[in-house]
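Please read the structure below before turning to the comments.
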Amino acid sequence: MTSTELIIRVRGLTRDYEMGAERVQALRGVDLDIPRNEYVAVMGPSGSGKSTLMNLIGCLDTPTAGQYWLNATEVSRMTDDDLARVRNREIGFVFQTFNLLPRATALHNVELPLIYAGVSARVRRARAAHALDRVGLADRAHHRPNELSGGQRQRVAIARALVNDPSILLADEPTGNLDSATSAEIMAVFNDLHRQGQTIIMVTHEQDIAAHAHRVVTLHDGRVDSDTIRHAA
Amino acid sequence: MQMFEAVRLALQTIWANKMKTAFSVIGVFIGVTFLIAVVSVVEGMNNYMTDRFAGTLLGVNTFHLRRFPNFQTGEVTEEMWRSWVRRPRISYEDATAVSEAITVPHVSAWESANRTTLEYRGKLARDIEVIAATERWFEIRNLPIAAGRAFSGQEVRAGTPVVVLGWELTERLFEGRDALGKEVKIQGIPYRVIGMVEKQGNLFGISLDKFAVTTAYAPAKRFVNPPGVVDALMVQTNSLGELQIAIAEAEAVMRTRRHLRPSEDNTFAIETADAVLDFWAKINRILMIALPGLVAISLVVGAIVIMNIMLMSVAERTREIGIRKSLGARRRDILSQFLVESATIATVGAAVGVGTGLAGAALVNAATPLPAAVAPWSILVGVALGAGVGIVAGIYPASRAARLDPISAIRHET
């Protein structure tokens with residue numbers, strides 16, 4: 001396995017939405033290659049199609065046209081249930097609003113992907129505890145989200161995203177709901193994960209957050225506007 | 001997702017929404033409570049009617065020849081009653097002639113009964129059924145002797161003043177001391193206690209253990225019945241078929257003895273357990289036809305309530321569903337989560353209903369003369385109905401949840 005092996009290969013990715021009688025083209029043919037262990041920020045003004053691209057990369061949605069290979073498997077024509085399996089095994093989501101289950105403990109939240117992967121309860125608990133430990137929250141395992149600070153909640157979400165050892169960590173405005181000190185904390189976690197070999201794709205509109213990434217892809221009107229490598233990966 | 005996980009998750013959700021759950025299961029709860037309680041009472045009545053009533057009071061494969069029926073199952077008009085009391089009584093000769101005319105194997109006994117007071121060393125037992133009978137009476141009535149012995153045919157013919165006591169009467173007069181060989185007084189005449197009958201319990205709140213049996217020609221006969229007549233001739237055969245033959249023969253003999261023309265009605269009654277059981281079976285059938293209807297109505301209402309609560313629950317938890325889907329839950333995972341949840345809610349309601357129904361049956365048993373016996377099948381049916389209602393009521397909400405689009409579900413604001 002070389003470090004240049006492609007995790008994501010996208011060709012001519014197009015996504016149209018029907019808005020009443022109107023047809024909105026959110027993506028108009030995007031080409032994108034992302035090799036393993038890259039740290040990419042996707043930027044662009046609102047309406048540029050970055051959320052649509054995230055949903056497609058995250059296998060939450062299927063394209064109107066174009067092709068998408070994830071780990072050399074074409075996922076652009078998959079059924080709902082196959083996509084669910086891909087999300088479960090290959091993708092770890094981190095959302096702006098954390099999206100934790102409010103009534104479940106941190107540990108149980110982290111266990112969720114493993115439940116759908118069919119992992120036995122004992123193994124699940126051990127792996128979830130380990131994932132919480134990786135983000136420095138071992139002592140908060142039995143707290144509920146409302147007993148945690150914003151930064152801690154986002155770290156629980158990161159632990160949940162990582163627990164299934166996904167090919168990509170997909171973060172959608174991960175610091176959008178956090179103050180700058182906490183944002184820096186989360187970015188430090190991301191940097192750490194990247195150093196350990198994790199591929200990260202992050203949607204953001206903040207320049208200083210995007211600055212943590214090694215490559216910045218900018219979208220405009222549903223097309224790739226610029227694609228800059230800032231550091232050697 | 002495994003079943004166990006799904007049930008655990010459902011129980012957690014139910015626990016977190018105790019009030020909502022309580023309201024949503026009221027229909028199922030009432031239906032199942034009703035089912036268990038009514039079935040228990042009916043079952044109890046059934047046991048009593050077949051075991052105690054038919055078996056003890058009338059005897060199995062037995063008919064009673066009487067002046068008029070002892071157990072009235074229909075309405076008895078004033079006029080009927082007046083004609084009944086004008087009928088001739090059953091004489092010793094009638095009873096003997098009938099016994100002799102029956103060709104199938106049988107045993108027979110005479111019975112006359114009245115209520116009076118018994119005395120033992122100044123202690124009184126009032127309102128006791130004193131029965132003057134012949135020796136096979138115990139056998140036909142299926143009353144085993146617990147201590148001592150029954151009287152013999154010789155003692156019956158000699159009119160020996162001996163008595164066999166019921167359990168409660170023995171307790172009352174002797175208070176745990178040995179009664180055998182002691183003398184109790186009936187109408188001032190001493191009788192030697194020679195035996196005790198096994199405890200029989202209650203029937204519709206009336207004790208079956210407050211009686212004393214003495215020999216048919218004993219002095220007590222004088223106040224029990226006028227000279228030369230009996231209340232009843234009891235005839236027991238080995239089978240129902242033989243019983244029918246015996247009844248036909250008895251009827252023929254009696255009609256001849258009473259010189260009845262073919263157009264005239266019987267001036268005597270032949271009573272069997274069947275007549276009483278038929279009447280009971282009719283009531284039973286009506287109850288068992290009405291019951292499923294009543295239970296079904298409350299279950300349908302229960303299902304509609306549960307379906308609405310589940311739809312609300314799906315709407316409230318749209319975001320949770322979106323999150324679960326983004327983490328890899330397939331349609332069938334979400335579907336089974338909500339189906340199991342709705343089935344669990346309904347089953348919990350049904351289980352509580354079973355408990356309340358059992359408590360209700362126990363209460364009926366303790367507080368009223370109605371006997372109640374829990375039918376195990378009704379518990380199974382109750383719980384199965386609950387789970388079934390939950391699943392049926394959950395199908396539509398669960399499939400709506402399963403079909404939600406993950407992107408819009410996860411952005412859903414609640």
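Any read-out appearing in this document is the output of simple, stated calculations on the displayed coordinates, not a laboratory observation. Since this is a predicted model, take the numbers as computed values, not measurements. Every residue, glycine as well, gets a Cβ built from its backbone with ideal geometry; the counts of neighbours run over all protein chains shown.
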key: Contact order normalised by residue count of chain B, Cα under 8 Å, 6+ apart, percent   = 30
note = Around B:N266 (Cβ within 10 Å, Cβ-to-Cβ, excluding B:N266; K/R +1, D/E -1) the net charge comes to 0
B:S152 paired with B:R177, simple spin-label distance in nm, labels 7 Å along Cα-to-beta-carbon = 2.9
note = Measuring from the longest principal axis of the C-alpha atoms of chain B, the long axis of helix B:376-403 (C-alpha) lies at a number of degrees, nearest 10, equal to 20
Segment B:A22-B:D51, extension gain: residue separation times 0.36 nm, minus the distance between their alpha carbons = 6.4 nm
ask   = Shielding of B:401-410 by partners, i.e. mean partner chain Cβ atoms within 10 Å per residue?
value = 3
task = Take each of the peptides B:337-344, B:215-222, average the number of other beta-carbon atoms within 10 Å over its residues, and list them starting from the highest.
result = B:337-344, B:215-222
ask   = What FRET efficiency comes out for the pair A:T62/B:A366, r = Cβ-Cβ distance, R0 = 56 Å, nearest 0.05?
value = 0.25
query = Quick one: Cα convex hull volume of the range B:263-414, Å³ per residue?
reply = 154
All aspartates and glutamates inside 13 Å of B:K325 as judged from Cα atoms, apart from same-chain residues fewer than 8 positions distant = A:D61, A:D80, A:D81, A:D82, B:D333, B:D405
task = Please grab the % of Cα pairs in the range B:88-267 that end up more than 23 Å from each other.
result = 45
Cβ neighbours within 10 Å from other chains - mean over B:326-339 = 6
request  = Grab the DSSP H runs of chain A that are 4 residues or longer, score each as -39,500 (n - 2.57), total them, divide by all residues and round the 222 nm result to the nearest 500 deg cm²/dmol.
outcome  = -10000 deg cm²/dmol
key: Set of lysines near B:K199 by C-alpha distance (under 28 Å), chain-local residues within fewer than 8 positions excluded   = B:K123, B:K182, B:K185, B:K210, B:K221
key: Taking the range A:42-98 and dividing mean pair separation by its residue count, relative contact order in percent (alpha carbons under 8 Å, at least six apart)   = 25
inquiry  = Given 10 °C and 1.306 mPa s, compute D for the range A:61-193 with the Stokes-Einstein relation, Rh being the Kirkwood radius over Cα pairs; round to the nearest whole µm²/s.
reply    = 103
inquiry  = Net charge within 12 Å of B:A133 by Cβ-Cβ distance, Lys/Arg positive one each and Asp/Glu negative one each, not counting B:A133 itself?
reply    = -3
request  = Diagonalise the Cα gyration tensor of the range A:61-128 and give the resulting equivalent ellipsoid semi-axes, square root of 5 times each eigenvalue, largest first, whole Å.
outcome  = 27, 15, 9
In range of the label at A:N146: residues from the range A:102-123 whose backbone nitrogen is under 18 Å from the point 7 Å along Cα→Cβ = A:102-109
ask   = Just for the Cα atoms in chain B, what are the lengths along the principal axes, largest first, rounded to whole Å?
value = 101, 58, 38
request  = Could you calculate the FRET efficiency of B:V301 with B:R87 from 1/(1 + (r/R0)^6), where r is the beta carbon distance between them and R0 is 35 Å, rounded to 0.05?
outcome  = 0.05
request  = For chain B, find the longest principal axis of its Cα atoms and tell me its angle to the long axis of helix B:240-258, 0 to 90°, nearest 10.
outcome  = 40
task = Would you kindly state how much longer the chain becomes between B:N308 and B:K199 on full extension, computed as 0.36 nm times their sequence separation minus their alpha carbon distance, in nm to one decimal?
result = 33.7 nm
Computed label-point distance, nm, for sites A:D221 and B:A101 using a 7 Å Cα→Cβ extension = 11.8
ask   = With axes computed from alpha carbons, what is the tilt in degrees of helix A:180-195 against the longest principal axis of chain A, rounded to the nearest 10 within 0 to 90?
value = 80
task = Using every pair of alpha-carbon atoms in the protein assembly as shown, split the distances into 10 Å bins beginning at 0 and state the percent of pairs per bin, rounded to integers.
result = 3, 12, 16, 13, 9, 7, 7, 7, 8, 8, 6, 3, 0
query = How much net charge surrounds B:A16 when only the other residues with a Cβ under 15 Å from the Cβ of B:A16 are counted, with Lys and Arg +1 and Asp and Glu -1?
reply = +3
note = Dimensionless Rg/Rh of chain A, both radii on Cα and Rh by Kirkwood, sits at 0.96
key: All Cα pairs of the range A:159-216, percent lying beyond 13 Å   = 60
note = Per-residue average of other protein chain Cβ atoms inside 10 Å, peptide A:83-90 -> 4
query = Distance in nm between label sites at B:D278 and B:V7, each 7 Å beyond Cα in the beta-carbon direction?
reply = 5.0
